[in-house]
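The values are calculated or read from the model by the stated rules, or taken from the named source; none is laboratory data. Keep in mind that what you see is a predicted model, and the values were worked out from it rather than measured. With ideal geometry, Cβ positions are generated from the backbone for all residues, glycine too; neighbour counts draw on all protein chains shown. Accessible surface is based on the protein model in full, side chains and every heavy atom, while ligands, DNA and RNA are left aside. Shrake-Rupley method; radii C 1.70, N 1.55, O 1.52, S 1.80 Å.
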Amino acid sequence: MIRLVGSADDYAVVFLRRVAGDAVRDAYVTLDDRTQLRAARLDPVGFLAERPRPMFVDEFQRGGDGLLLAAKSVLDGGDDRGQLVLAGSHRFL
């Protein structure tokens, strides 16, 4: 897991989008999107499972404790590094 935290004026989102790039566009989601946020809150395990790796999640803190626990489960279940790249404008860990 990689964690990026910064204010909305910081370049964390710009960095995240550039790293994600066109090749993994489907792996980038922002929880500022109401549809994505709803999916993450209703079924956090499924939300993380249905996307390719690495998965880039912006505004991760909006997903709440359920998403945090699901992310921990993903990380505990494998040895692959960099499965999740989490960014947010508020501290979430």
Taking helices (runs of 4 or more DSSP H) that fall entirely within region 21-76, which contain at least 1 residues that are among the basic types (Lys, Arg) and free of Cβ contacts under 8 Å to residues at least 12 places away in the same chain? 34-42, 64-76
Step by step: first the residues of region 51-93, then only those that are among the charged types (D, E, K, R) and open to solvent by less than 50 Å² (accessible area, probe 1.4 Å), then the one that is nearest to VAL29 (Cα to Cα). Which residue is that? ASP58
Of all the residues that make up region 18-50, how many are modelled with pLDDT of 85 or more, within 17 Å of VAL85 (Cβ to Cβ) and surrounded by 15 or more Cβ atoms within 10 Å (Cβ to Cβ)? 8
